There are 2 protein chains.
Amino acid sequence: MRGLMMDVQLTLPAIERRAETLFGAVQVVDRSADRSIHRYTYAAMIARAKRLAVALKKLGATRGTRVATLGWNHHQHLEAYFAIPSLGAVLHTLNLRLHPDELTYILNDAGDEIVLVDQDMWPLYQKLQPTTVRHVILMGSGPGPERSYNALSYEDLIASAQESAFEWIDIDERDAAALCYTSGTTGQAKGVLYSHRAITFHCMNWAMVDNVAICRRDVVLGAPPMFHINGWGLSFVSAMVGAKLVLPNRFLDPESVLDLIASERVTVAAGVPTVWLSVLDVLNTGRQRYDVRSLNRIATGGSAPPTSMMRAWIEQYGVRIIHLWGMTEMTASGTVSLNADDDSDGPSNDALYVCLARQGIPEPFIEIRARDENGLIPWDGVTMGELEVRGPNVAAAYYGNGAAAETFTADGWMRTGDIVTIAPSGSIALCDRAKDLIKSGGEWISSVALENALMGHPAIAEAAVIAVPHPKWGERPVACVVVKTGETVTANVLKEHLALTFAKWMLPDEFHFVDVIPRTSTGKFLKASLRERFRHLYGKTTQQ
Amino acid sequence: MRGLMMDVQLTLPAIERRAETLFGAVQVVDRSADRSIHRYTYAAMIARAKRLAVALKKLGATRGTRVATLGWNHHQHLEAYFAIPSLGAVLHTLNLRLHPDELTYILNDAGDEIVLVDQDMWPLYQKLQPTTVRHVILMGSGPGPERSYNALSYEDLIASAQESAFEWIDIDERDAAALCYTSGTTGQAKGVLYSHRAITFHCMNWAMVDNVAICRRDVVLGAPPMFHINGWGLSFVSAMVGAKLVLPNRFLDPESVLDLIASERVTVAAGVPTVWLSVLDVLNTGRQRYDVRSLNRIATGGSAPPTSMMRAWIEQYGVRIIHLWGMTEMTASGTVSLNADDDSDGPSNDALYVCLARQGIPEPFIEIRARDENGLIPWDGVTMGELEVRGPNVAAAYYGNGAAAETFTADGWMRTGDIVTIAPSGSIALCDRAKDLIKSGGEWISSVALENALMGHPAIAEAAVIAVPHPKWGERPVACVVVKTGETVTANVLKEHLALTFAKWMLPDEFHFVDVIPRTSTGKFLKASLRERFRHLYGKTTQQ
């Protein structure tokens, strides 16, 4: 028997209409490519988004058309975020840090017909060989080099379109709204095709108290690149609750981020831990003083945030840390670490950090389980297994890529590739990516745990631990560390530091002092590159 | 083009599994019929709910079966809340304050096959004449008078069922989960058939910051009767976020409510304004002192909360007021009054109360509009019109009652019967129920505004203003007031008090001092009864 409720759909245009009618006067602020500040309102933004939609429709965009973007976090990109899904078309955000060959593959695999490109990304775009693209639109506010580029001007398109020609259409919440390729370190990139439902579900979760808790009074810094899981959905959730939105363009250096936090009175920011490590470093050691009193919480994830970093933000700056775990395949997040895991009146200080270092419990309507070679693991906080997930925001398949079927179980769960333990409370702790786990003498060593401990040493800024093939032990851990400016430390000191909490056989045999740890296009440590560099450290082994 | 996300359904069993796996140790506390405190955990509650489901299945309950409850707020009723929808059956909560004839009509209209009845409701149930009921189950923990009643014992059923026999079934979120009849003051009661989707959507809304903001750290007092819109969904949202739940049984007298708040350290409570008026009165004038320091917010709605009441809670007791507007047809709420309507750094004290007295802006994915005889009204905060709503939690039709089709517009909105203004911000202000609005000399007078002003007078505890037929003016306002214990006041003083803010022609001609204002079965003022009492005050008119 069906219920007798309205069949109203949870879609991005519903969020757009909401922001237009209720939050029209709320500010949207972004940095332009020349670093200047651009400031307008949701009403003005949506008026332009509607004109963009009208223009795109004239260019042939309709239900299901893939319209790509290659750009940073700014207001034109934001307008595209609303315009494209409002047509029933698919917003395909291209990761501009990828190699041109990979971008070419992704553009053509997606079958993108229209591409919006930042002016300063034009040199990159010229290296691509798209086969399905019919129109290229140049974003940016410069004097318009587009004629010489044989491309359309974004601002000309907006100027030529009538807002009154825009019409809301009915969209099924299961329809595709956005597309994002996940560029695994191995294998071909795979597309995740988000439904309106998955994105709006994510928005509702991030507006909940036991999550990022984004609300009307917030000023949200949308630091995650808009090509990375829809910028973690921050534009959409901000529009849903009516929060002021601040977009930093490509300027994610600590000084620029701190400038924006101070000038716009940002209350909540999000981003991978490496961003907040760098910001913290400048706050603590930089010559300039920044006012971060408005900031009251940071949502972070993508890789494990070091406890020392969380402690510094919380204790020195009074900023709450919301630690989430997620994936491109999960429309951003799937679990969140709450400050309270139990019934007590609040954890002690140390218990807080133990709790916060975990990736936390699943968000509502998301289910978890983990599996080792013997089947599903117990929730004992000790046994390690590969995490599997299920939920309305989880990919069921990859776009046009049947080869990835091994990612999904026969009973409809997704294999995440993350090795975790699950506590009796249901809180997960990420031990490693399946491929980053170190197996030494038949025993597992968590690279994440070693990294976290190394970054807890006062002299260490960053640390990455990798598995290196070893003729006797199979694999051994090797540490690459970046020493803080003005500090010195030796391998022996670090080894002694780790020996306080790890068994002797778990300790890295080698400590390499490096200037910088290479990162992926989304800011995580690029361990594949380090593994390649050190693969022959113990001689050539058959395991490679 | 469809997205490629998992088709995971938003259902009540998903919330049940969540509470079982993540919040098993969290407490559920209720008062028994003998006033004693019963205390167990979500794990224990759900284990019993599963056994109840097994027992109900044996009695023939399956997908679509209507299983009714006639009971107060206690743990057995809570178990039924989870057990019945987990079978795909429909939880039909009967309003035990209704007349036996109306209950008989409702039982038979719904086609209930099984009924769970509180032991002390047995005398009421005996007066009913059900035609479809096959099994009656007596809830309660007494010595079991059920044999003489020819009814089954709830506890015997639980004892006889095996938890291991329970199986989760797949349920479509659009399937019916619950049924609640709205007993309008006129006409036949009409059933609202809630889908799993509508209820879970409501839960997500109430867990958001800009709403009741229920979270893991909360202790929730489920004061709204469980037969009234699923107790405003508090049991379900508490289970979803893992909040401790406290159910007061039938003991809603101020002293009992205050006892529970103090002993269980309740942080958030909900209920109609009349409950919180009475509680406030006892707090301020009672002989006993109660500790309400744990309480930090009250969610209220159902009728307009007097500003004086909100001011007292906020300023004397530091309790935030969350003012919501909703209907049985809206799965509880549809709008919420935020403390911040604009971009300023927070409203001034007076502006806060102006803002809080409004019913607020729509919750996410809910849309509003209002209509007068000239069509849709402007959002100017002045023009009055009947509110129409649309959203995933709004009824699209009544159960088995085609005659109510006039409630729904041709383009799929619901007419609420509430007369409102809509401010430019999108915040609504309830002027009156369409039927309570007073039309005097061709001009509208809001009874709610007069009541609110009267209750702002220090000598007045409660006030209701009604329209009385008048030979010259059509209708005139008449006030019925309850004076606070120990206070005295005259009609002239009240008239002068009102004249400070109302035009002279709007002032009530008569002030009737009464001991008590009659209430509906859900605690609102029963104006129909007052109208009946005073209908001939100005002589017999043709308008009646």
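The values are calculated or read from the model by the stated rules, or taken from the named source; none is laboratory data. The model shown is predicted, which means the values in this text are computed figures rather than measured ones. Backbone-built Cβ (ideal geometry, glycine too); neighbour counts: all protein chains shown.
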Exactly one condition in (1) of a type outside the set (K, R); (2) assigned to a loop (DSSP other than H, G, I, E, B); (3) at pLDDT below 95; (4) more than 30 Å from A:M6 (Cα to Cα) is false for B:G187; which is it? (4)
Per the filter on the stretch A:316-338, residues polar (S, T, N, Q), in a helix (DSSP H, G or I) and within 30 Å of A:T200 (Cβ to Cβ) are A:T328
Determine if the stretch B:65-77 includes at least one residue that is at positive phi and at pLDDT 95 or above. no
With the structure loaded, tell me whether A:E475 is acidic (D, E), in contact (Cβ under 8 Å) with a residue 24 or more places away in the chain and in a helix (DSSP H, G or I) or whether it fails that test. no
Across the stretch A:471-480, the tally of residues that are surrounded by 20 or more Cβ atoms within 10 Å (Cβ to Cβ) and not charged (D, E, K, R) stands at 4
Among the numbered criteria (1) closer than 17 Å to A:I377 by Cβ; (2) within 13 Å of another protein chain (Cβ to nearest Cβ); (3) buried (at least 22 other Cβ atoms within 10 Å of the Cβ), which single criterion is violated by A:L430? (2)
Quick one: count up the residues across the stretch A:368-397 that are more than 7 Å from every other protein chain (Cβ to nearest Cβ) and either out of contact with any Gly (no Cβ under 6 Å at 6 or more places or on another chain) or farther than 30 Å from A:A176 by Cα (or both). 20
Within the stretch A:489-509, can you find the residues that are under 18 Å from A:R531 (Cβ atoms) and modelled with pLDDT under 90? A:D509
Of (1) within 24 Å of the chain's Cα centre (by Cα); (2) at pLDDT 95 or above; (3) hydroxyl-bearing (S, T, Y), A:T132 satisfies all except one. Which? (1)
Which of (1) within 14 Å of the chain's Cα centre (by Cα); (2) not assigned by TED's automatic domain parsing to the domain that holds B:Y181; (3) not aromatic (F, W, Y) does B:G334 not meet, given it meets every other one? (2)
I want to confirm something. Restricting to the stretch B:27-48 and keeping residues that are of a type in the set (A, V, I, L, M) and touching a residue at least 40 places away in the same chain (Cβ under 8 Å), which single residue is nearest to B:V117 (Cα to Cα)? B:A33
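Assess whether A:D380 counts as being in a strand (DSSP E or B) and of a type outside the set (G, A, S).
no
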Would you pick out the residues in the stretch A:392-409 that are at pLDDT below 95 and not hydrophobic (A, V, I, L, M, F, W, C)? A:Y398, A:Y399, A:G400, A:N401, A:G402, A:E406, A:T407, A:T409
Test of understanding: among B:T490, B:T501, which residue is of a type in the set (V, I, T), surrounded by fewer than 18 Cβ atoms within 10 Å (Cβ to Cβ) and under 33 Å from the mean Cα position of the chain (by Cα)? B:T501
With the requirement that a residue be under 18 Å from A:K504 (Cα atoms) and in a helix (DSSP H, G or I), what does the stretch A:424-464 give you? A:S447, A:V448, A:A449, A:L450, A:E451, A:N452, A:A453, A:L454
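Do you know which residues across the stretch A:248-270 are within 14 Å of A:V26 (Cβ to Cβ) and in contact with a Leu (Cβ under 7 Å, 6 or more places away or on another chain)?
A:T267
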Based on this model, can you work out whether A:A161 counts as at pLDDT 85 or above, within 21 Å of A:V54 (Cα to Cα) and either crowded, with 20+ Cβ neighbours inside 10 Å or within 14 Å of chain B (Cβ to nearest Cβ) (or both)? yes
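If you take the residues of the stretch A:259-288 that are more than 16 Å from A:A299 (Cα to Cα) and modelled with pLDDT of 95 or more, which of them is farthest from the other protein chains (Cβ to nearest Cβ)?
Looking at the filtered set, the residue picked out is A:D259.
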